[in-house]
Each structure stands twice: as C-alpha cells, then as structure tokens.
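Novice: Provided herewith is a single structure, encoded as structure tokens, for subsequent inquiry.
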Amino acid sequence: MQISIKTPSGVIPVEFKSQAVKLTSPLALLEIRLGKNESCDICEGKNIHCCQAGENHYKLNVSVKNIITVRLKTPDTLVNLQISCTGGNAIDKKTIENLIHFSNSLKMLPSDASGQIPINSLLAAIEANEITLLSVQKPLTGYDNQSLLSQIQSALTQKVRAICSSPKQGMRTEEVVQDVSLVKRINTDTLSHLASHSEHWKVRTLNGLVPKRLKADIIEDEINIYENLFFRMAVDDVAEYSTQQILSLKAAKRQNTDAIDWESYGAKVNDYRRSLLLQKVLSGRDISELSRENKVFDDALQMWLQVSKILTSIRGSAFYRKIDSKKRIGRTIHLTNILKNDQRYKALYDIWCLVQKEKQKEQQEKQGINNDIINAAECYYTAYCIIALIYAMNLLGIEFLDGSTFSVGQFGQMTIQATAEDDYFRYSLYNKEDQYGFTYLNLQLEEKVDIAISVPAECDFSDVVFSHIKSVASYDAEENCIHLHKKPNSAERTALRELLHKPQYEIRKLSTQDKFKYQKSTYAWNEFVVDLISDARLHDPQIRTLKISPMLFHVQAEATAVDNFTQDLFDSANEYSCYLLPHSLEDYRDIKNVSLLRRLFNYGEAYHLNDEDGWKDYHVAVLPTTQTDLGTIQRLMKFVSLHRSKMIIDIEDSNAIHCPICGKTHIKALDANSWKCEDPECGIEWGKTRCTKGCKQYFYWIRPDCNVNTNDFYQLPECENILKKDSLFDRYIITDFEFEEQIDGSLTLYPVCPKCGARRFP
C-alpha cells in the first residue's frame, strides 16, 4: 500500500502510521494505491470510503475548520492522520449560518418534477426581494441596548477595577524546614521531626539537642482563592465579549459606509445606475437610514472601546498577573459570601451573568449548526457564489435563455446548466469538479459572428432549409439575405452547397420550364457559396473560457501564509482562472508587502515587476466574495465585463465600432489607437498603448470619465487604496491606474501594464 497527498506544489509521501500532516492550502487530495490483495477504508467522521485495488483518491475537507482527522483502517491496523492547514483560520459560525439561510431560501423557489429551478424564476425572486444577496451586518447587543453597555462600563470603572488594589485573600499555612533564627511558629510535628533528622542538629548536650534548623509553619496570604479565580475568568470572558462587540460594530459600520461611498462614487465616474443597483441589493434601505445607523454605531463603538481600555488596564495589573492561570474553576459558579456580600465582586458577577445570557442567545440561534452542516459549508458557499455570478451577469444586460436551470441538494450542492446571450456574445455556464474535488464554474464567452449577405435573385428560400445548419447560417426572408455566424468547415460548406439540392426523382417530375429554373438557381447558388466562403469578413468566432473557483478558506493575515497559499493557487490555475475567497482585504492591512497584498485582491493583471511571472496578463484573479460585502456583486460584474470588454476591443482592434462598456456606436477616434464614447451616460476612453518601461508589449486600457482629485486618494494605506480604486472605478477599467497630480488638484490617470506591472512613476 502506498499513501501520498497530492498538492499543487508536489506529492507528499505519507508513512502508514498515526501522525500529523501539515499543508499550506486546502488544495490537497489523499491518494492510496492498493495491490490486488490489499484493502483499506478511509473514515472521516461518519463517512466511510471503501478503497478498491489500484488508485484511490479522497478529498481532504480542510478548508472550513482547517483541520480534520482521517482514519485509515486495514483488517489488522488503524491509523489516524491529523491533517491541518497551517496557514488558515477556521470559518466562523456566523458566516456559515448566513450561507445556510441563503441556501435554504433557494429551496423555496418553484421547481419542476426533477428538481430543476429556472434561472429566470431566480432572477424574478431577487428583484422581488424574496431572495437577498447581501446579508446585512447586525451588531451584537450593545449598540441598541444602552443599559447593558452602561452597566458594564459603570461596574468596571467604579467597582471591579478597585479589586486590583485591594483584593480578598486567604491564609495559607505551609510547613518548611528553615534556620532556627527565622522560625516564628512551630507545630506539633516540630520536635519529632528534629529527633529523627540528625542533619538538622547543631550540637547534642547532656541537657538535650541544640537545633540548627527546625520544621515550622509559615503563614502567607493566598491570592488563588475561589473568588479571585472567578475574577480572572470573568474578566477574560467580558474582555472577549467586548472584542466581539467592537469587531461587530466596525463591520456593520464599514458595510454602511461602503454603501454610502458607493453611491457617491457613481457620480464621480458618471455611473448613475449605481443608485438603482444599490436599492436592489439593500432591499429598501436608503442612504439617509444608513447614515443615521452609523451615528448610533459610532456612539456605541466609543463606549465599547472605553470598556476595552479599562479591561486592558485590569488585565495588566499586578494582581491579575499573580492569579494562577493554570488553576481553573467550573462555569457553574457557587455564590460564596464574598461574591454575594462584597459589592466589588458582586458587580463583576452581575455583569458576567449578563454577558453569559447574551452568549446563550447567540448559541441558541446556532443550535442547528452541527458538524455535518459545517462540513457542507463549502457547498453552501459555492451555491452563493453561483447565484451572485448569475445576478452579476444579469445586471450586465446578459439575458439567460429558456431552459437555463439549476438545482440545489440537501446540503447546498448545486448543479447548473445555463445559456445566455447579449448583443456580442453567447454564454454557457455549468459547474465541474477540479482535480482536488472543488466545484468550479466554467463560463464560456463565444463571439456572435453576424455577416449579412444578399442572396441571388434566382434563388428562392425559406428559413426551414437552414434549420439543420442554424449554428452556421440563418435566412432573413424580409431582407432576402443570409446571416453567417461562423466560418464553415468542410462538412458545413457541403451542407450550404446542397441547400437547394433536390433528389433525382423530384427533378424528373418537374416541367421543362421548372427544370430550367431549378438549374439556373442551383448554378447561381453554387457561385454564391464559392464567393461567400471566401469573404474576408468571415472568421471563426473568438472564444474565451473563464474558470471561476469558489473556495471557502480564510488565509491567515501573515506574509508567509499568504505567499504559500497564493502560490498554490497559481500552480493549480488554468488560463483565465478566478478564485473567490471569503475574506476582506482589510483583514490583511498589516501586511506591508504590496505584491502579496495584491495577490489577495486582483483581476489577473500584473501590479509589480518583482512578483512571480505567472501573476500577470489576467492569468489568475483572486476576488474577495462574501455575503456581507456590498462590493461582491460589483467585482463579479467587473470580472465578466473586463473579459467581455477586452474581447470586443480585440475583435474590432483598429476599426472600433462599439464602446466596450456600454455597447453604443456613438464613438469618436482620438487618434490611431484610442477612442472616446460620446454617449452622455458613459463617456469612457479606451485604446491600445505600448509598455515602454517593461515588457515593450502592447496592451489595452479603458479610462473612465471621472472627476477625481488629490483628496480622494490622499495618503491612503495601500489596502484602502486598493479598495477605494475598485469601488470608485467599478467595471469601467481593465487595468490598474497611477495618478499624477495637476496644478488644480485634479488627477491624470496613467494605466499600469497588465502584462508586466511596469509603472510610469517609480
């Protein structure tokens, strides 16, 4: 039997013995090779996988909890493999809870007998606010319960903090052997101990023994009494709750602020449709309501920060540090006389009880989240990402065709098969499974080729004759022309030539006049087909396939972890891959390496010359995607729009006809390689330029019609700079931009080469 773990960075051999195995990412597959007479079962929780002779593969579900135990069982041996992903954080239960609620809402949609749900029914439900893509951040108790917050703050300030300077203490008696000059108190065992230990005698005389050392009692103050052990536990619990409150309030405030800014940014880039989109995503909440909420959040946040400050001072006191952290008490507290009668300890007990009640409320909400559901969270996340992508495509004006459906299994397993189109492309969307067992979406864009050519007057057609070659050509009876959709291959050319062909038995039945007419039409048609297939405008449609991979994994906010994980993503990626991850870039603001930071949020273009060669030219994208992030839908829109825009620019090249963003034809050439959309609701510029400081290659760019100035990006940390540019420019750009300040404070935008990351300014 051979055991190994397959990862993007290579194969890890595993000995058949109980051990811990550490991975850098959840992209891992357990591989077991068995001989003809060997057997082995793979057990994970309640799941049992029976291996067969030959090669067996088992997905390692480490993405959610970052650790699993896999048991390998043979007829005579049981081996435990503890497999952990060292560079990740466990997904919190609140995120899982939100995903479950979303997945359950999908099951309420009407389906057919086979469980298939029409995508157009889904879109209608989203429009009617029956399904919500954005999970509104709701802070924990404290922002709307001022009495609780005030009580905690008052108790800590006025009473609990006073314990540190004068705590209750017990008395501890300890027996020690010490120099006789130091002895203050002897006990009943002192003399017998001295008689039996001659090493403690100074001298023996006729009158008796003269001791050198004696066994004596030492009475000391005892700080580790029950009440003080409770003190430490209670302070830690309240501190933990306080931290949760602060994080919760900050997250809620950030979500509201993002929405407020998002609408204002729309005016800066001439995108007045943002308000409509905002209304749909926020389900009836308006900007004024969000602003009022933020004022409440700010007030509560300041109070909780003050509470946290007090708790920090308490935990930094000499008294707190002296309490033995290794000594623990049960969570069921016995109300001793001190806890009941000492007002300081009683105040701590009261606020501790309040915190426990709030925690119990939270736990009750999560009672249905068992291990089976946690293990299935990956499917729930994938389902959310699929629906978010569908909605993003719909917002881009991509219309899903009849017959496009999806289904949802018991634990969120989703299967989708959909087709869609817009004025330029046909789209196909379906899910597959990669080599590591992760579900990904295959999104294919195929150019619509539509070349209209008038048919000879001698030829008489009906659209019926084209039914078997409709992918190649169609007939417009009103205009009497043929629309060609692709360059026909050999078999399709033959089919075109034979469109007017009649069998001999039918020809024999024709009159002389009809025979003459038939021969004339077939001759004209054959000549027409020869000219048709040599038309210079005719070409094979451009096709681009995007691989979109949701991955429920939260990488640690540490440079080595980010480097290892993102490198695994790159090593496993195909061309035009995009990974969707449940993180916020703000989680990583302490990482100073900008190239690593950019790996956690990018659309596939290069940003820095010093990064890996593969992180460029739209090869690998990584996008933060969560239910609580307003920017999620916008990013998915931009990812699809970016590739669509690039294809439109590439197809039309120097003969630009359509604006790559709005699709309008009201465009003006600025020079040989740049154009401007003159539609008042768009106004973007685009073009092709050559990288002069790096790779020397040509690349495309789009510059939005925007009104940004120095204050918009004044001394922002790189993390905030990335987020703001993404939110501000939305789908109107396909490269990163640098800024050059002008005399009036406005900024001139210069595109960054997406192929090598070369920048205009050092």
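We did not get these values from a lab; they are worked out from the coordinates using the rules stated. These numbers were taken from a predicted model, which means no experiment stands behind them. Cβ coordinates were reconstructed from backbone atoms using ideal geometry, including for glycine residues, and neighbour counts include every protein chain displayed.
Novice: How far apart, in nm, are the 7 Å Cα→Cβ label points at N655 and K346?
Specialist: 9.1 nm
Novice: Once amide H atoms are placed 1.01 Å from N in the peptide plane, what residues at a sequence separation of 5 or more from G683, or on another chain, have their amide H within under 5 Å of its amide H?
Specialist: Amide H to amide H, under 5 Å and 5 or more residues apart or across chains, G683 pairs with C677.
Novice: I want the local charge near Y698. Using Cβ-Cβ distances under 13 Å, sum +1 for each Lys or Arg and -1 for each Asp or Glu among the other residues.
Specialist: +2
Novice: Which value, in debye to the nearest 20, gives the size of the charge dipole of the range 489-625 about its Cα centre, when Lys and Arg are +1 and Asp and Glu are -1 at the Cβ?
Specialist: About 1320 debye.
Novice: State, as an integer percentage, the relative contact order of the range 1-143 based on alpha-carbon contacts under 8 Å between residues 6 or more apart.
Specialist: Rounded, it is 19 percent for the range 1-143.
Novice: Give me Y345, Y588, Y523 sorted ascending by neighbouring Cβ count inside 10 Å, so fewest comes first.
Specialist: The order, fewest Cβ neighbours first, is Y523, Y588, Y345.
Novice: Local charge sum around T439 (other residues, Cβ-Cβ under 15 Å, Lys/Arg +1, Asp/Glu -1)?
Specialist: Result for the local shell: 0.
Novice: Summing +1 for each Lys or Arg and -1 for each Asp or Glu, what net charge is found among the other residues whose Cβ lies under 11 Å from the Cβ of Y424?
Specialist: In short, -4.
Novice: Hey, another quick one. How large is ³J(HN,Hα) for each residue in the range 413-424, as worked out from phi by the Karplus curve 6.51 cos²θ - 1.76 cosθ + 1.60 (θ = phi - 60°), to whole Hz, x for Gly and Pro?
Specialist: Couplings: 4, 10, 10, 9, 9, 9, 10, 8, 7, 9, 5, 10 Hz.
Novice: With 30 Å as the limit, write out which pairs from K676/K696; K309/K725; K93/K616; K215/K327; K250/K326 have Cα-Cα distances beyond it, or answer none.
Specialist: K309/K725; K93/K616; K250/K326
Novice: Something else about it: Scan [x] -0.28, -0.96; [y] -0.41, -1.02; [z] -0.27, -0.86 for the value of log10 I(q)/I(0) by the Debye sum over Cα atoms at q = 0.05, 0.09 Å⁻¹ calculated from this model and give just the label.
Specialist: Evaluating log10 I(q)/I(0) by the Debye sum over Cα atoms at q = 0.05, 0.09 Å⁻¹ on these atoms matches [y].
Novice: At 0.36 nm per residue, and after removing the present C-alpha to C-alpha distance, how many nm does the segment from T243 to Q151 gain when stretched out fully?
Specialist: Result: 31.4 nm gained on full extension.
Novice: Continuing with the same structure: Across 5 Å bins from the origin, how do the percents of Cα pairs in the range 451-533 run, short distances first?
Specialist: Pairs per bin, as whole percents: 3, 14, 25, 26, 17, 9, 4, 1.
Novice: Over the chain, what is the mean sequence separation of C-alpha contacts under 8 Å (at least six apart), divided by residue count, expressed as relative contact order in percent?
Specialist: After rounding, I find 12 percent.
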